[in-house]
1. Name the pairs: first residue in the range 5-21 and touching a residue at least 12 places away in the same chain (Cβ under 8 Å), second residue surrounded by 14 or more Cβ atoms within 10 Å (Cβ to Cβ) and acidic (Asp, Glu), Cβ to Cβ under 8 Å, at least 6 apart or on different chains?
2. For Val100, indicate whether it is of a type outside the set (Gly, Ala, Ser) and surrounded by 17 or more Cβ atoms within 10 Å (Cβ to Cβ).
3. Do you know which of the residues in the range 27-49 that are touching an Asp or Glu at 6+ places or on another chain (Cβ under 9 Å) and either on the phi < 0 side of the Ramachandran plot or aliphatic (A, V, I, L, M) (or both) is surrounded by the fewest Cβ atoms within 10 Å (Cβ to Cβ)?
4. Do the conditions hold for Leu10, that is, is it touching a Phe, Trp or Tyr at 6+ places or on another chain (Cβ under 9 Å), open to solvent by 50 Å² or more (accessible area, probe 1.4 Å) and within 29 Å of Ile113 (Cβ to Cβ)?
5. Under the condition of being touching a strand residue (DSSP E or B) at 6+ places or on another chain (Cβ under 8 Å) and surrounded by fewer than 16 Cβ atoms within 10 Å (Cβ to Cβ), which residue from the range 80-95 is farthest from Cys45 (Cα to Cα)?
6. When you scan the range 50-68, do you find a residue that is open to solvent by 40 Å² or more (accessible area, probe 1.4 Å) and more than 30 Å from Lys120 (Cα to Cα), even just one?
Amino acid sequence: MTIRNITCILCPQGCNLEVTVDGDSVVQVKGNGCGKGKSYGAEECLNPRRIVTSSVKVIGGEYPLVSVKTAAPVPKAAIWDCMRAINDVSVRAPVSIGQVIVENVAGTGINVIATRNVAKADDMKEKICI
């Protein structure tokens, strides 16, 4: 058995969790101040996942980049594969919030989506002139 000490990040309390792991199962989670801590501790020790955030080059946009994120947490082991896939992409303006930028990133089954709008550069000139 192994004991891991981690800090829960699901609520503002930041509880110090003591997670006892035996092989591929969690035996016990101690120190959680709310119900979320127990499940967080178990998942963090057995299958840690993270939201990946980055930016993608925009061609012909009012901004040169658009911020993006994974639509759901990806396995921690796949983060660098996700980043390589994101870095290989560019998108043509206009871009809308929620638009899928990369489908099934790194084979995770999770999409990468835009987190802001980026208008075409020409559209911005028209708005300014009016």
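1. These pairs meet every condition: Asn5/Glu18; Ile6/Glu44; Val19/Glu44.
2. Spelling it out, it is not the case that Val100 is of a type outside the set (Gly, Ala, Ser) and surrounded by 17 or more Cβ atoms within 10 Å (Cβ to Cβ).
3. Leu46
4. Numbers: touching a Phe, Trp or Tyr at 6+ places or on another chain (Cβ under 9 Å): yes; open to solvent by 50 Å² or more (accessible area, probe 1.4 Å): yes; within 29 Å of Ile113 (Cβ to Cβ): yes.
Considered against the rule, which asks whether it is touching a Phe, Trp or Tyr at 6+ places or on another chain (Cβ under 9 Å), open to solvent by 50 Å² or more (accessible area, probe 1.4 Å) and within 29 Å of Ile113 (Cβ to Cβ), Leu10 comes out as yes.
5. Arg92
6. Within the range 50-68, one or more residues are open to solvent by 40 Å² or more (accessible area, probe 1.4 Å) and more than 30 Å from Lys120 (Cα to Cα).
A quick yes/no check of all residues on (1) in a helix (DSSP H, G or I); (2) charged (D, E, K, R):
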| site | (1), (2) |
| --- | --- |
| Tyr40 | yes, no |
| Lys57 | no, yes |
| Val66 | no, no |
| Trp80 | yes, no |
| Ala85 | yes, no |
| Ile110 | no, no |
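The values are calculated or read from the model by the stated rules, or taken from the named source; none is laboratory data. Computed from a predicted structure; not experimentally measured. Here the Cβ is made from the backbone with ideal geometry for all residues, glycine too, and neighbour counts use every protein chain on show. To get the accessible areas, we keep the full protein, side chains included, count just its heavy atoms, and leave off ligands, DNA and RNA. Shrake-Rupley method; radii C 1.70, N 1.55, O 1.52, S 1.80 Å.
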